[in-house]
1. Report yes if some residue within the range 81-91 is surrounded by 12 or more Cβ atoms within 10 Å (Cβ to Cβ), within 30 Å of residue 182 (Cβ to Cβ) and touching a Lys or Arg at 6+ places or on another chain (Cβ under 9 Å); otherwise report no.
2. Say whether the condition of being of a type outside the set (Gly, Ala, Ser) and free of Cβ contacts under 8 Å to residues at least 12 places away in the same chain is met by at least one residue in the range 145-160.
3. Which one of these is surrounded by 19 or more Cβ atoms within 10 Å (Cβ to Cβ), within 22 Å of residue 215 (Cβ to Cβ) and assigned by TED's automatic domain parsing to the domain that holds residue 219: 162, 157?
4. Just for the range 108-139: of the residues that are of a type in the set (Phe, Trp, Tyr) and in a loop (DSSP other than H, G, I, E, B), which one is farthest from the chain's Cα centre (by Cα)?
5. Quick one: in the range 161-181, which of the residues that are aliphatic (A, V, I, L, M) and within 11 Å of residue 127 (Cα to Cα) is nearest to the chain's Cα centre (by Cα)?
6. Restricted to the range 97-116, and to residues that are among the β-branched types (Val, Ile, Thr) and either in contact with a Lys or Arg (Cβ under 8 Å, 6 or more places away or on another chain) or not assigned by TED's automatic domain parsing to the domain that holds residue 212 (or both), which residue is modelled with the lowest pLDDT?
7. Looking at 89, 69, which one is in a loop (DSSP other than H, G, I, E, B) and in contact with a strand residue (DSSP E or B) (Cβ under 9 Å, 6 or more places away or on another chain)?
8. Take residue 50 and decide whether it is surrounded by 12 or more Cβ atoms within 10 Å (Cβ to Cβ) and of a type in the set (A, V, I, L, M).
Amino acid sequence: MKSKTFVMMFLAIGCGLVAAYLTARISAKQATPDTQPVLVAKEKILAGQVVKDPEKQFVMMSYPTGSTPNAITSLDDLKNKIVNKTVQPGQWLTPDDVSGNFGIDLPKGFYAMAVKVDAASAAGGFILPKSHVNVVATIRPSGMGGKPKVVTILQDVLVLAVDQTSVRPEDKMAVAQLSTALLAVTPNDSQKLTLAQSMGDLRLVLRGHDDEARQVLTPLEGGLDGDGLMGDGVAVAPRPEKPKVKLAVAKQDLEPGTLIDDPEKYFTVRAFPEAIEKAVSADDFAKLKGKTVRHSVFKDGVLTDKHFTGEEAPPLVTVPPVKRHVMFIQNGGSAPLMVMYKDGLADASDAKDEVHDKVKGKDSKSGGPVAQPADDAETK
C-alpha cells in the first residue's frame, strides 16, 4: 500500500508542474502581442514640404498589429512626395497624407494649366475630372479687313480637375456651374494655350472615353454667308471635280502631206480639264491610221479634225537671194571693163550696161556719179 501511495503522489506532482509551465507560457504570450514595423517622423515636417531624404526624416518603429491602419512602411513610398499636413515627431503617415502634386495625379512630363471656361464652353458642364477634350480657339480678326479664324490647337487633353474638384463625383453626371478647368499639357502645348487665350476665346470639346484618334483639322477662316462658311480656302461643300478629257497631242511638228501610218508614232494622249472643239479624243486615236495631214501641226498641239480636212496646203517655197559680184578689168589707160557675176556665173548683158554707165561717170541704178574705188581695190 505504501508503494502505491508514493506513485500516486509523484503523478500528482508531475501534472501540477506541467500545468504550471503551460500557464506561464500562455501568460507570457499574452503579455507580448504581435507587432508590425511603421515609419514615423523624426522631426517636424511642415505641410507642403517635399520629402527629399526619407532616411533622415523618418525612422522605423514597431507598433502592435492593427493599431496603425494604412500606415506607410516603405521609404520608397515617401521619397519625393509632398506632405499634405504638418507632421509632428513620432507621428506616422498614410498614403492619403502625401501626394505627388498636392493631390493632383499629374502624368510625368506634363504640366497642370488652368483655362477659363463656363458651362457653355465646357460641353454644358459634362466635362469632369478624368475627361478627355479637344481645345478649340476662336481667333479674333486683327484690323478692319481681318476675318475670324477657328483653330483646333490641342487634341485628346486630360482634364485633371474642374474648379477645385479633382475627383470625379459618383452621384453627378455634370457640373451646373464652373469657372476653370485644369488641363494636363506638355511644355510646348502650354505656350500654344497661353497664346490662344490672349488672341480669342477657348472651348473644350468633349471626346469619348475610348476615342484616342487624332485628326488633321484645317483651320477655318471667313464668315457666315448664306448656307455655310465662306472665306479664304473654305467652302460650304467640296465642289465636284470636273471630269478630265483625254485628247490626242502631236509628239513633233508635222508638215502637210504627212501620212499617218502609225498614230502612236506621231501622237500621244494627254488629259485636259475640258473638251476642245472638234479635237480628236483618245477613243478616236486609232482612227487616225491611214489619214494624211492637210495642215501643219506643231509639237504639243492638240489634234483636231481641221488638220485632216480641205485641200492640202502647198509647201512653202523660199527663194534664196541672188548673190551678185562685180569685177573690173583695166588694161593700161583704156576704160575699165566690168564683168557682173550672178551666183558665180558671168552675166554679159548686165555687164555691158554697167560698163557704159561707168564710162559716163554715172551709176546705172541710182543715176548719180560713180564712186571711184581706191587704187589698191582695183582688179587688173
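The values are calculated or read from the model by the stated rules, or taken from the named source; none is laboratory data. This structure is a prediction, so every number in the text was calculated from the model and none was measured. Note: ideal-geometry Cβ built from the backbone for every residue, glycine included; neighbour counts use all protein chains shown.
1. yes
2. We begin by selecting, within the range 145-160, every residue of a type outside the set (Gly, Ala, Ser); these are 147-160.
When the remaining residues are screened for being free of Cβ contacts under 8 Å to residues at least 12 places away in the same chain, the result is none.
The answer is no, given that none of the residues of the range 145-160 is of a type outside the set (Gly, Ala, Ser) and free of Cβ contacts under 8 Å to residues at least 12 places away in the same chain.
3. Unique residue meeting the criteria: 157.
4. Start the filter on the range 108-139 by keeping residues that are of a type in the set (Phe, Trp, Tyr), which leaves 110-111, 126.
With in a loop (DSSP other than H, G, I, E, B) added as a condition, the list becomes 110, 126.
Numbers: 110: 23, 126: 31 Å.
This residue is 126.
5. Restricting attention to the range 161-181, the residues satisfying the condition of being aliphatic (A, V, I, L, M) are 161-162, 167, 173-176, 178, 181.
With the extra rule that they be within 11 Å of residue 127 (Cα to Cα), the set shrinks to 161-162, 173-176, 178, 181.
Working: 161: 31, 162: 32, 173: 37, 174: 35, 175: 36, 176: 38, 178: 35, 181: 28 Å.
Checking each candidate, the answer is 181.
6. Going through the range 97-116, the residues among the β-branched types (Val, Ile, Thr) turn out to be 98, 104, 115.
Filter once more, so that each one left must be either in contact with a Lys or Arg (Cβ under 8 Å, 6 or more places away or on another chain) or not assigned by TED's automatic domain parsing to the domain that holds residue 212 (or both): 98, 104.
Working: 98: 81, 104: 69.
By that ranking, first place goes to 104.
7. On the way: 69 fails: in contact with a strand residue (DSSP E or B) (Cβ under 9 Å, 6 or more places away or on another chain).
Going through 89, 69 in turn, the sole match is 89.
8. Values: surrounded by 12 or more Cβ atoms within 10 Å (Cβ to Cβ): no; of a type in the set (A, V, I, L, M): yes.
Spelling it out, it is not the case that residue 50 is surrounded by 12 or more Cβ atoms within 10 Å (Cβ to Cβ) and of a type in the set (A, V, I, L, M).
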